[in-house]
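**Student:** Sending over a structure as structure tokens; questions will come in a sec.
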Ligand SMILES: Nc1ncnc2c1ncn2[C@@H]1O[C@H](COP(=O)(O)OP(=O)(O)OP(=O)(O)O)[C@@H](O)[C@H]1O
Ligand SMILES: Nc1ncnc2c1ncn2[C@@H]1O[C@H](COP(=O)(O)OP(=O)(O)OP(=O)(O)O)[C@@H](O)[C@H]1O
Ligand SMILES: [Mg+2]
Ligand SMILES: [Mg+2]
């Protein structure tokens, strides 16, 4: 259906793709596999008309094509779900779905009704139960991702490219997506599927293509491959998947949270968080599991001193009762948070690594009023080395780092404040298997050094592998607590399902 | 009884082109003060040099029941419709300082800028002995006073081939711009003999530039308006001459006319030019800011 | 969901509260305020600002800004007046082209649109920030106006031209008709056409819009062109009201226009806002100007009070739409 | 990495090319341009704009804008002049407080800072968009100036006050010293202090900065306070140069200041830019103003040429820094 011959692409000197060849047959799901930065997204952008300055040929239905812009590719029948969400925040779902290809009435005005009906049908198919005229900004990230998927399905495309479509959606939504992909395959469409969650690939893909450093390494049938085979092909060597081997240490309570409640602004009836109580021990990794919207991120935010006006809680840190009025208070008291969305909440993308690392702790180096650049640099070097941040220099702009390395910069920023409690919210989202592994290693090391660690994650295997103890949340309440030894996927999920369904 | 009293009380609107220039502030406040002495309520409207805003003021003033308008127009032509509108509403308009090209104004008491500049030019020619290089600083290029003054000046000066204008630049009637433009002109033309500025603020700015360049002693500065600073500067022999307008006379005459109108007088001289007088070191002691002693 | 709908209504009408409070306040202090005459007064006075602000709203919705509207207003009015009165004379060829009323108006609109399109062109083609491109145009268009008029107003344009700014039609002043038509057309564009969608989309997320196949440059150029044309309409109204094209007309009108847009709840970073909001913003400013005069506030105090009230109006808005 | 460093240098000095081209062009047309005297001339003339623009740069770096600088300049100058000349008289208590030179200058600076802090307060406390808050302050501060001066200039302030604006110190004009000190201090703040870090961080990503423990409100209030103080410094320089505090001083200076900031490569959305860039931007504008007068370009053409050159300067910049 769609093929690429000898495709190369450079970004101001950096070679992103180097002589790529691949084939995407109709009626098949092809998985593209590769580490962060292998060139997967770049290749897909070429196929879908985002970049038109590349070397080599794209062959579509037997003839050579060169799409000048996304619309040309769309019209030819190639749809793409981009890795980054590309939605307009203040337009509604319908408006986003039809953006650039609005339905019009005979006199040229928008046919809003027709669009809404079509959008509603599509949302129903995707089991997204929100009205079609909801503003995107009011949706959760997972729901936005579903809209992004709907956008690609709106028209009868021949080729559908999905670049990490599941990075923010939960299990049940993934199942729906599988169903849709199966349908597409039946309709003899060519589907491209990119994901760092290897399990998904085994479930859904027919073929695989491995990219490494911008080159095609290998391709073949998915059938008969194992986890380790794939990882080996991706990374070029074997890696050991970390499992937490901490054994029960003495239990010194580090953080104690009693009756934590978080109200909703302008609404006195409903609470977002209800009577949360838990303890965190020194040197412990406490996993917090839950489905989308369970309130885990809000819990982390409250513990960092956000929403002080809406919070009621008794928090004891290191045997002292503390009250946080702002993030500044919380950080000074020894809390630190690696937020869920590193680009939006964790980093100043336009500034360099060094500045980002020292952002929360610059006071340490400014006792004279002026910043001691030497000390700052030493610190930056220390963390770049300690966390194995892959960069050419501490002056690299954070925007240009890979996702995994960006995540490490956020962790470095938190560690630089010398925290007692380190909270990590979905620390491995969108990160390749190798980088994930490094972050797991890091978390274990930090726990071993005496920090209390709270890790929020939606990925069961991850939370099972790394935690000493697991709390489960649903609908703003604590619904379960499990020691690592007797936690299973089953009982975690059971506790996470909301009772009100 | 109180009520009939307040019904009797007439209100006078004073609409001035701008309050961003002390000359007009003085004009407006003098008119307001006179109206008060005569027993009328009055209010000052600032058109901010914006003819459209002036139109709004007229509409608002008419709607608000003002009985007369003392008017300092932003523009001789642009303000015509406003005067017509007032006439239609039966509100007499007395123009101050600037003319309006309309017979509908009840009376127009104005400074004769053109002939004022002619007499200023006479002094200019004499002071320079009919030869030398000079610089002209224009006011706002979109203001018709700028051109009335410039034309009056050139109508005489241009007859003397020995007088050469080496630069003509605008400084927007602004003291700071007068200073900066003059500083730059002095770079290009270090050897000048005189500066003619379209108002005193620019003249004072130009003088300061000359001081900074060490040329204040032999470059003659001429202004226009009769502002306080300029009168003082003429006394101190810093500025050579200015043309004195009489905002006080103008404003008071206008207010008196309104008073007379209320009392039944209808035959006003359509145009009453108030002479602009030349002020030099010789006669400066007869003058104070904006008027005669 | 209900919350979100409610909120979008709030965004639309958030300034209404401030406007109502303002009107009540002035009405209590002056019995002249709530009269039919004064109502038309205010409406006529804001008609020019509405034309400009509507164009500004479109520009701001795309995430841009247009500082040149005041100057473009001046040249639009001047060209229309000049064409009507003098036509075009080409001395060398001994050619003279006269213009009808309509022709001269179209001429004024054409020059406004052209300068607006030029703004859009420099902004999209050379990636000049809108602030700089239109700031340059502010100066250029003012200079061109001076060159065309030689610094003198063009007056006495005849009764039929005067009708545009001073006439009445079915009991409503003509400028109010014009601004109402502008508002309605703009609402249709923003709410009912693909162009409107694209305007919001570009302001919301330019990159995503590009990936959706929207021709960003085209939309932006059109929008700046519309803003230029609307400024020229404003210029023609002013010229007609005054029966005179003033070379310095419209100075610093851009600030009033932007104020109307922002007070009306449109975000300066683009993507959010409504035409009706801007109309409310313009009304607030207009009512305030009118009220300060009616209440006989001294001119020096007026500025202080005006600034204070605008600040207060926005604070009230914010307090009432805090739930987002 | 080398590429990225090179690029950041380009950002810093992107306007240099435009400035050099401009200087060469004017130098070719006028032999008076490249003289020491004219150099000091230009430097002295831009010193006020530099003071204001430096403050504006800090504000813009946080993602804000300050439209009130021109009016704050006026009131700063007026208060300094008024205190020096008249002191404070309280008629009821028969109290008179005289001010020394230093005292009156501090008084001027204090009022400027205060108004700036007020800007910051409304912006952070009530979430008023900076554009609106400072637009309101533009009007308020102008009104206050008019009220304080009653619309008349305050002149004849004595030789020691005149020294600030017209004196020389070690062969360099005093205003140039002042602006140089302002620039150096601002560079130190932005590059070497925690405050500077926070300014860039807030402009780059306000929410992330908040989560990183930065007190956003405090930083913003300080920054607007600094901008107000620098505007007042500009006002004192102007007042001293003119030996007169003009109530209408500084009108529309905000546009020149923003132009300098943007031409200097600072992004209006915040987070990116340098003080040196702004200095270059101010130099471009200053050289242009000076050149147009040196070449005796007619006032009508000046505006057209000025706008055109600014546009061209930015286009040249863009063309030379396209590689990002
Ligand atoms: N937009 C960009 N412009 C320039 N260079 C970039 C850009 N994005 C990434 N880079 C550089 O390309 C290199 C590879 O980045 P990539 O995202 O592929 O990470 P990676 O090497 O796979 O690391 P990791 O495994 O930790 O994710 C990095 O050195 C990064 O600095
Ligand atoms: N706009 C850009 N400018 C410069 N370099 C870029 C740009 N986009 C991508 N690159 C570089 O191209 C390479 C491939 O990036 P790409 O986004 O295709 O990786 P990917 O395989 O999709 O990674 P991930 O799994 O993290 O999504 C990287 O080294 C990246 O740094
Ligand atoms: Mg990566
Ligand atoms: Mg990718």
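Values quoted throughout were computed directly from the atomic coordinates according to the rules given, and no laboratory measurement underlies them. Model, not experiment: these values are computed from the prediction. Glycine also receives a Cβ, built like all others from the backbone with ideal geometry; neighbour counts cover every protein chain displayed.
**Student:** Given only helices, namely DSSP H runs of n ≥ 4 each adding -39500 (n - 2.57), what is the per-residue ellipticity at 222 nm of chain B, to the nearest 500 deg cm²/dmol?
**Tutor:** So the calculated ellipticity at 222 nm is -13500 deg cm²/dmol.
**Student:** Moving on to the next point. Once you keep just the Cα pairs under 8 angstrom separated by 6 or more residues, what percentage relative contact order results for the stretch A:35-87?
**Tutor:** Result for the stretch A:35-87 is 32 percent.
**Student:** Say R0 is 22 Å: what FRET efficiency, to the nearest 0.05, do residue A:226 and residue A:489 get from their beta-carbon distance?
**Tutor:** It comes to 0.60.
**Student:** In a Gaussian network model over chain D where Cα atoms closer than 10 Å are linked, find which of D:197, D:142, D:44 has the largest mean-square fluctuation.
**Tutor:** Fluctuation is largest for D:197.
**Student:** Now, a different point. Obtain the nm distance between the two label points defined at residue C:85 and residue A:497 by a simple spin-label model: each point lies 7 Å from its Cα along the Cα-to-C-beta direction.
**Tutor:** 8.4
**Student:** Something else about it: Which three lengths, in whole Å and largest first, does the protein assembly as shown cover when its Cα atoms are put on their principal axes?
**Tutor:** 109, 74, 72
**Student:** Run lengths n ≥ 4 of DSSP H only: what is the helix-derived mean residue ellipticity at 222 nm for chain A, with -39500 (n - 2.57) per run over all residues, to the nearest 500?
**Tutor:** -9000 deg cm²/dmol
**Student:** Could you calculate the FRET efficiency of residue C:296 with residue C:185 from 1/(1 + (r/R0)^6), where r is the beta carbon distance between them and R0 is 60 Å, rounded to 0.05?
**Tutor:** 0.95
**Student:** Distance from a point 7 Å along Cα→Cβ of residue A:61 to each backbone N in the stretch A:158-174: keep the residues under 11 Å and list them by number.
**Tutor:** The answer is A:158-159, whose backbone nitrogens lie closer than 11 Å to the label point.
**Student:** Continuing with the same structure: If you fit an axis through the alpha-carbon atoms of helix A:373-386 and take the longest principal axis of the Cα set of chain A, what angle between them do you get, 0 to 90°, nearest 10?
**Tutor:** Between helix and principal axis, roughly 70 degrees.
**Student:** Across the residues of C:201-207, average count of Cβ atoms on other protein chains within 10 Å?
**Tutor:** Average neighbour count from other chains, rounded to a whole number: 5.
**Student:** Let me ask you something else. For chain D, what is the mean residue ellipticity at 222 nm derived from helices alone (per DSSP H run of n ≥ 4: -39500 (n - 2.57); sum divided by total residues; nearest 500 deg cm²/dmol)?
**Tutor:** The helix contribution divided over chain D gives -25500 deg cm²/dmol.
**Student:** Based on the Cα coordinates of chain D, what is the per residue volume of their convex hull in Å³?
**Tutor:** 155
**Student:** What does DSSP give for the protein assembly as shown in terms of the percent of beta bridges that are antiparallel, rounded to the nearest 5?
**Tutor:** Rounded to the nearest five, the antiparallel share is 50 percent.
**Student:** Could you give the nm distance between label points at residue B:122 and residue A:277, where each point is 7 Å from its Cα heading toward the beta carbon?
**Tutor:** 10.4
**Student:** Over all Cα pairs of chain A, how is the pair count split among 20 Å bins, expressed in % and running from 0 up to the last occupied bin?
**Tutor:** Reading upward from the zero bin: 21, 53, 25, 1.
**Student:** Next question. Using the per-residue mean of other Cβ atoms lying within 10 Å as a proxy for protection, in what order, highest first, do the peptides D:282-289, D:22-29 fall?
**Tutor:** Averaged packing, sorted descending, gives the order D:282-289, D:22-29.
**Student:** Oh, and also: Relative contact order for the stretch D:46-250 using alpha-carbon pairs under 8 Å, separation at least 6, rounded to a whole percent?
**Tutor:** This gives 45 percent for the stretch D:46-250.
**Student:** Starting from the Cα of residue B:260, step 7 Å along the direction of its Cβ; do the same at residue D:29; then give the gap between the two resulting points in nm.
**Tutor:** 5.5
**Student:** Please label the shape of the stretch B:95-249 as rounded, prolate or oblate, based on the square roots a ≥ b ≥ c of the eigenvalues of the alpha-carbon gyration tensor (a/c under 1.5 means rounded; beyond that, a/b larger than b/c means prolate, else oblate).
**Tutor:** prolate
**Student:** Rounding to the nearest 10 and keeping the result within 0 to 90°, find how far the Cα-based axis of helix A:433-448 lies from the longest principal axis of chain A.
**Tutor:** The two axes meet at around 0 degrees.
**Student:** Report the rotationally averaged projected area of the stretch A:253-496 based on its alpha-carbon convex hull, in square nanometres.
**Tutor:** 13.4
**Student:** Report the normalised scattering of chain B as log10 I(q)/I(0) at q = 0.08 Å⁻¹, calculated by the Debye formula with identical scatterers on the alpha carbons.
**Tutor:** -0.36
**Student:** Moving on. Over chain A, what is the relative contact order in percent, taking alpha-carbon pairs closer than 8 angstrom and at least six residues apart?
**Tutor:** Answer for chain A is 15 percent.
**Student:** Then there is this: Taking the beta-carbon count within 10 Å as an exposure proxy, list A:109, C:300, D:169 from fewest neighbours to most.
**Tutor:** The most exposed by this proxy come first: D:169, A:109, C:300.
**Student:** In peptide D:137-144, how many Cβ atoms from other protein chains are near each Cβ within 10 Å, on average?
**Tutor:** The per-residue average across the peptide is 6.
**Student:** May I pose another question? Measuring from a point 7 Å out along Cα→Cβ, what nm distances, shortest first, does residue C:169 have to its partners in the other copies?
**Tutor:** Taking the point 7 Å beyond Cα along Cα→Cβ, the inter-copy spacings are 6.5 nm.
**Student:** Can you say what percent of the DSSP beta bridges in the stretch A:88-232, counting only those with both residues inside, are antiparallel? Round to 5.
**Tutor:** In the stretch A:88-232, approximately 60 percent of DSSP beta bridges are antiparallel ones.
**Student:** If you line up the long axis of helix A:403-415 against the longest principal axis of chain A, both from Cα atoms, how many degrees apart are they, to the nearest 10?
**Tutor:** The angle comes out near 10 degrees.
**Student:** Can you give the mean number of other chain Cβ atoms that lie within 10 Å of the Cβ atoms in peptide A:101-111?
**Tutor:** Partner Cβ neighbours, averaged per residue: 3.
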